[in-house]
1. Which residues, counting only those in region 177-193, are at pLDDT 95 or above, among the aliphatic types (A, V, I, L, M) and exposed (fewer than 13 other Cβ atoms within 10 Å of the Cβ)?
2. Does residue 166 fit the bill of being of a type in the set (Phe, Trp, Tyr), without any contact (Cβ under 8 Å) to a residue 60 or more places away in the chain and either more than 30 Å from residue 83 (Cα to Cα) or out of contact with any strand residue (DSSP E or B) (no Cβ under 9 Å at 6 or more places or on another chain) (or both)?
3. Report, by residue number, each residue of region 129-168 that is under 21 Å from residue 74 (Cβ atoms) and touching a Leu at 6+ places or on another chain (Cβ under 9 Å).
4. Regarding region 2-24, can at least one residue be identified that is part of a helix (DSSP H, G or I), open to solvent by 10 Å² or more (accessible area, probe 1.4 Å) and small (Gly, Ala, Ser)?
5. Let me confirm something: among 202, 154, which residue is surrounded by fewer than 19 Cβ atoms within 10 Å (Cβ to Cβ), more than 18 Å from the chain's Cα centre (by Cα) and outside any helix (DSSP H, G or I)?
6. For residues in region 41-73 being touching a residue at least 40 places away in the same chain (Cβ under 8 Å), in contact with an Asp or Glu (Cβ under 7 Å, 6 or more places away or on another chain) and of a type outside the set (A, V, I, L, M, F, W, C), which is surrounded by the fewest Cβ atoms within 10 Å (Cβ to Cβ)?
Amino acid sequence: MVKGAFITVEGLDGSGKTTHLDFIERHLAAHGHAVTRTREPGGTALGELLRGILLDPQPQAAPISRRAELMLIFAARAQHLDEVILPGLAAGATVLCDRFTDATYAYQGGGRAIERRAIEALEQWTCGALQPHLTLLLDVPVEVGSARARQRKRAPDRFESETVQFKQAVRAAYAARAERFPARIKRIDAGAAIDQVRAELRSVLDAFRRERSA
């Protein structure tokens, strides 16, 4: 039984997710939420191992096929649900997750051009009826996200190293998801000044809290 709230944050690499997740977590905690913060792929011991495989820009084995990539992501997600997300929600926590299934539709569906029905079948088997109660989509143009990602003091991961065309397809897939699920997915202009982004996030989160408490 879901008692808590499930909030996810999505967006291209370089959209400022880490910075804004810190703000979202503090804002929720300040309003009395017991926040469980986690991420995908990852969030569990197995998930972090699979994350390392998925993000490795130079895999030691043969390149990962798109179908194998999809199934590794759902394997990490299944463990994540069982260990972290579902127990947290059952305990009444607000689970704040960096990426969830919308990312799969964007990166594997949009970027890798995997058929939606294949993702939907795995989603149904893995997640059942579970959907985030609120998804914050931090939207930036590809060139902005890529420029920000290049400023990081580490080598780009496997997805960050993808082509501009791949990233454009990911952004377009995110936009399609937001259009399809407007009540759940709230687009935030993450290319704006940080104070403006935080004001928009605060407004969406406060409206969500009022709706949940009504």
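The values are calculated or read from the model by the stated rules, or taken from the named source; none is laboratory data. Note that the coordinates shown come from a computational prediction; the quantities given were computed from them, not determined experimentally. Cβ placement follows ideal geometry from the backbone for every residue including glycine, while neighbour counts extend to all protein chains displayed. The accessibility values were calculated without ligands, DNA or RNA, using every heavy atom of the protein model including side chains. Shrake-Rupley method; radii C 1.70, N 1.55, O 1.52, S 1.80 Å.
1. Selection gives 183 alone.
2. Yes.
3. Result: 130, 157, 158, 159.
4. no
5. Only one candidate passes the filter, namely 154.
6. 57
Per-residue answers, yes or no, for (1) modelled with pLDDT under 95; (2) in a strand (DSSP E or B); (3) touching a Lys or Arg at 6+ places or on another chain (Cβ under 6 Å); (4) open to solvent by 40 Å² or more (accessible area, probe 1.4 Å):
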residue	(1), (2), (3), (4)
75	no, no, no, yes
81	no, no, no, no
86	no, no, no, yes
104	no, no, no, no
110	no, no, no, no
120	no, no, no, yes
126	no, no, yes, no
132	no, no, no, no
146	yes, no, no, no
